[in-house]
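J.: Here it is, the structure in full.
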Amino acid sequence: MNSWIKTLSRTLYLDLSRKQFWIEERDDLFSKWLGGTGVAIQLYREESSRRADPLGPENVVVFAIGPLTGVFPMASKVVSVFKSPLNGYVTESHAGGRAATAIRYAGYGAIVIKGSSDMPVYIVIDEEKVRFRDAGALWGMRSSETVGKVLREAMPGAGYRTIMRIGRAGEKLVRFSNLTVETYRHFGRMGLGAVFGSKKLKALVIIGRKGFKLPNPRAYREVYREIYELTKGPATRKYHDLGTAANIIPLDKLGALPTRNFSSGRFDGAREISGEKLAEDNLSRRLACTACPVACIHLAAIREEYEDEKYFYKTEFVPYDHEPIYALGSNLGISDRYGLLKLIKVVEDEGLDSISTGVVLSWATEAFERELISIKDTLVELRWGNWRNYVKAVTYIVLQPNEFYATLALGVEEAALKYGGVDFALAFNRVEPAGYHTGPLYHSSLAIGFRHSHLDAGAYSIDQSLVASGTPVPSPEEAAKMIIEEESWRQILNSMVVCLFARGAYSKNIVEKALKALGYEIDESRLVELGKQIYLEKHAVKLSEGFEPEKMRIPKRVLETPTPLGNIPEEYVRKVVRHYIKLVREYIEKVGSSNEVFREIDSTSAT
Amino acid sequence: MKRFVVVDSNRCVGCHLCVYACTNRFGYVGVSKSAIHVRSAGGVERGFAVIVCRACRDPPCARACPVDALALRPGGGVILNTSKCIGCGFCVNACDIGAVMWDSEFMKPVICTHCGYCVSFCPHGVIALEEVT
């Protein structure tokens, strides 16, 4: 085994029930599965059980980084794997900020969190110690930003640490609450905040100031320089200039910007909430995750005068990205930029996933319009564009003052099952969709993706290239192959772990070179094979937990609203799903019964 | 003679590529050997503080060293003689801007030598080398 793996394979186990921790050398996993998602799914399987309650002590949260973390540019992400409280199946969520490098330079490759505490705690981890601390004073704080401020002041290691924390939403077990890192980045989707909340774990502070000796500094510097030039080149320029908000206008022009609960792909106010307009009028600062030259994080400043006193102002900072602009902007008919930013701000402070929050509210608005629910339920009038009332509704989702909001806090699927309006409740496998209405490949990829994210396979991009080149839509079988092939390769990128905005820079050849410079003996073809295997391992675990994709509801609204590639036939998505099921089931057959899949797979060994 | 300067810390996006570049000079990765440090100026929305030796002409760190391990560098700042250094850490306390870093593996200070290696890895024009007379 190469020496690099030794520096990566220390795995920290935290047991919240017993307030204990221990460290294990897991070079068995890191040499076989590289790191990141490849390792995290194995640790999850070892520690979880098929029937674990997502909000019970038996659910586990695994964080993992990879061999390139903090070593090459844009290898800046942490993978988390856990069972989602939205749908009860294993899932994955990524975040940037300083989290990945802090874990790496605290000396760990993975962290496994088990059990649950009987009192609110936070945990502080550095190069030498692990401390459980009383979070009584932090629990219930109105804004997750304040929690960050307090811990920032109280903890050492400024610059080299991550402060992960949940907001009130996580404490209140809102199923789509997130885990915030460094104030403006998130493990956004799938409800990791609620899992932390159920464990009474308010925050995780990780301080990492170590360094590691390189096995071959000369080879390393050469590859480093090459990757650095690629990552700051034209491929990432638009993310530096306008951030992900650069997508709003092109998607709107294409008719693929989800608007007013996906009833249209065009928004008359798109220009007002575009990346261009936000940059011109509101952008105050751009930030980067550690080791990233791109700096895609865009912060707007909003100045607000207090109602009770003239000339008494405050200035707040709000991160904006494509997804919150879609979910809380076009999807709610909000074109008032100030209102949109205020709404994003409250979603941030409460610690909610902006995508799910926006989709839950757009369903509620339509249900209100159709009189399936009344003001007695909603407490405020929910009307397209009325951001002031949406701001109030967001807080109600968190505080759950009545049965209606307690139901909304479970996600759009539960709400629609109870109050009606299933046909316009946007969710695949009970998870609200990200902001693209590009065509059949994208929506099919949501149906079968592991993260339930547009980033699973980037199929919104495949749809758009079909439109641009005038190529006919591929058969569902072809589409399934394209989606799965892309998602499989991304397993390698997610095991390194590199940001997917750098996927153009990290070609197969570059990944091979980067690994070789660190002493790994692996080539492109082996990487591709391993990517497929990691893909199958993950989905086999999910199916073993009882995931039945054949029973999935395909939201009617998605099929009815035309995409740039026309209307999507339901049967198209179903065929993609069937292809996926067949592939994963064949793998399960090959490696043993589904029970064994979950507990132990003795799969072919990776070098 | 050249001196390392922070041109405009408001251009800093906090990517730490300078920090990694500095550590790389010694055949390491990470932050433990870096002579430059970047942290938020009280929350990232306020931007960043870039902390590094500013090449004092009469450096307090050198005056604090009990074993003369810090020799004056032409153009400002100091050169560390690691053979002389006993690792007492007085220099760290003597620097009011916090630019004497500490290598806790070797128990010696890390101070910028104004070589400028990190400058070529700053994507946003925050840092530079300038000629001094």
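The values are calculated or read from the model by the stated rules, or taken from the named source; none is laboratory data. These numbers were taken from a predicted model, which means no experiment stands behind them. Methodologically, a virtual Cβ is constructed for each residue, glycine included, from the backbone with ideal geometry; neighbour enumeration extends over all protein chains shown. Surface accessibility is based on the protein's heavy atoms, side chains included, excluding ligands, DNA and RNA. Shrake-Rupley method; radii C 1.70, N 1.55, O 1.52, S 1.80 Å.
J.: Does region A:272-363 come out rounded, prolate or oblate by the C-alpha gyration tensor, with a ≥ b ≥ c the root eigenvalues, rounded set by a/c under 1.5 and, if not, prolate when a/b is larger than b/c and oblate if not?
T.: Judged from the Cα gyration tensor, region A:272-363 comes out oblate (a/c at least 1.5, b/c at or above a/b).
J.: Oh, and also: With a 1.4 Å probe and all protein chains left in place, how much accessible area per residue does the protein assembly as shown have, in Å²?
T.: Per residue, the protein assembly as shown has 36 Å² of solvent-accessible surface.
J.: Please give the charge dipole size of region B:49-96, origin at the Cα centre, charges +1 on K and R Cβ atoms and -1 on D and E Cβ atoms. Round to the nearest 20 debye.
T.: Dipole about the Cα centre, nearest 20: 100 debye.
J.: Read phi for every residue in region A:258-272 and hand back ³J(HN,Hα) as whole Hz from Karplus 6.51 cos²θ - 1.76 cosθ + 1.60, θ = phi - 60°, with x for Gly and Pro.
T.: x, 10, 6, 6, 6, 7, 8, x, 10, 10, 5, x, 4, 4, 5
J.: What share of Cα pairs, in percent, lie more than 20 angstrom apart in region B:1-82?
T.: Here the tail beyond 20 Å accounts for 46 percent of pairs.
J.: Sorted from largest to smallest, which semi-axis lengths in Å does the alpha carbon gyration tensor of region A:403-482 give for its equivalent ellipsoid, taking the root of 5 times each eigenvalue?
T.: The equivalent ellipsoid of region A:403-482 has semi-axes of 30, 12, 10 Å.
J.: Within a 10 angstrom radius of each residue's Cβ in A:158-166, how many Cβ atoms of other chains show up on average? Whole number is fine.
T.: Average per residue, whole number: 3.
J.: Accessible area lost on pairing A with B, both sides, 1.4 Å probe, Å² to nearest 100?
T.: Result for this pair: about 3000 Å² buried.
J.: Okay, moving on. Quick one: pull the percent of accessible area on chain A belonging to carbon and sulfur, 1.4 Å probe, ligands and nucleic acids left out. Present the calculation step by step, with values, prior to reporting the outcome.
T.: Numbers: 9810 of 20490 Å².
The C+S portion of the solvent-accessible surface of chain A is 48 percent.
J.: Still on this structure: Put +1 on the Cβ of every Lys and Arg and -1 on every Asp and Glu Cβ in the protein assembly as shown; which of B:Ile79, A:Leu242, A:Met119 then has its Cα farthest towards the positive end of the dipole?
T.: B:Ile79
J.: Can you give the mean number of other chain Cβ atoms that lie within 10 Å of the Cβ atoms in peptide A:146-157?
T.: Going residue by residue through A:146-157 and averaging, the value is 1.
J.: Per 5 Å bin from zero, what fraction in whole % of the C-alpha pairs of region B:40-85 is there, up to the bin with the longest pair?
T.: Once binned at 5 Å, the Cα pair distances of region B:40-85 give 6, 20, 20, 15, 10, 10, 11, 6, 1.
J.: Taking the Cα atoms of region A:291-330 alone, what are Rg (to one decimal) and Dmax (as a whole number) in Å?
T.: Every Cα atom of region A:291-330 included, Rg and Dmax give 14.6, 45 Å.
J.: Near A:Phe404, within a Cβ-to-Cβ distance under 11 Å, what is the net charge of the other residues, with Lys and Arg +1 and Asp and Glu -1?
T.: Result for the local shell: 0.
J.: If you don't mind, there's one more thing I want to ask. Per residue, what volume in Å³ does the Cα convex hull of the protein assembly as shown take up?
T.: Here the figure is 158 Å³ per residue.
J.: Accessible area of chain B with a 1.4 Å probe: how many percent of it is carbon plus sulfur?
T.: 54
J.: Another question about this same structure. Taking the Cα centre of chain A as origin and charging only Cβ (+1 Lys, Arg; -1 Asp, Glu), how large is the dipole, in debye to the nearest 20?
T.: Here chain A has a charge dipole of around 1220 debye.
J.: Another question, if that's okay. Anything losing 10 Å² or more of accessible area from the isolated chain to the full protein assembly: pick those residues out of region A:191-220, probe 1.4 Å, ligands and DNA/RNA ignored.
T.: A:Arg209, A:Lys210, A:Gly211, A:Phe212, A:Lys213, A:Leu214, A:Pro217, A:Tyr220
J.: Rounded to whole Å and sorted largest first, what semi-axes of the equivalent ellipsoid does the C-alpha gyration tensor of region A:77-153 yield via the square root of 5 times each eigenvalue? Can you show the working numbers first?
T.: Working: eigenvalues 89, 73, 42 Å².
One finds semi-axes of 21, 19, 15 Å for region A:77-153.
J.: Okay, moving on. In whole Å, what three semi-axes, largest first, describe the equivalent ellipsoid of region A:406-545 built from its Cα gyration tensor (square root of 5 times each eigenvalue)?
T.: 32, 19, 13
J.: Which residues belonging to region B:1-44 lose at least 50 Å² of 1.4 Å-probe accessible area when the assembly is complete, relative to their chain isolated?
T.: Residues of region B:1-44 that lose at least 50 Å² of accessible area once the other chains are added: B:Val13, B:His16, B:Leu17, B:Tyr20, B:Asn24, B:Gly27, B:Tyr28, B:Val29, B:Val31, B:Val44.
J.: While we're looking at this one, here's another question. Let me know the charge dipole size of region A:457-508 about its Cα centre in debye, to the nearest 20, where only the beta-carbon of Lys, Arg (+1) and Asp, Glu (-1) is charged.
T.: Rounded to the nearest 20 debye, it is 240 debye.
J.: According to the square roots a ≥ b ≥ c of the eigenvalues of the Cα gyration tensor, what is the shape class of region A:1-90, taking rounded for a/c under 1.5, prolate for a/b larger than b/c otherwise, and oblate for the remainder?
T.: prolate
J.: Over the Cα atoms of region A:204-243, Rg to Rh with Kirkwood Rh, two decimal places?
T.: That ratio is 1.17, to two decimals.
J.: So what's region B:21-133 giving for Cα Rg divided by 2.2 N^0.38 Å, two decimals? Before the final figure, lay out the partial values.
T.: On the way: Rg = 14.2 Å, N = 113, 2.2 N^0.38 = 13.3 Å.
For region B:21-133, the normalised Cα radius of gyration comes out at 1.07.
J.: Go ahead and estimate [θ] at 222 nm for the protein assembly as shown from helices alone: -39,500 (n - 2.57) per DSSP H run with n ≥ 4, summed, over the residue count, rounded to 500.
T.: -11000 deg cm²/dmol
J.: Indicate the gyration tensor shape class of region A:165-320 (rounded, prolate or oblate), computed on the Cα atoms with a ≥ b ≥ c the square roots of the eigenvalues: a/c under 1.5 is rounded; otherwise a/b larger than b/c is prolate and the rest oblate.
T.: Oblate.
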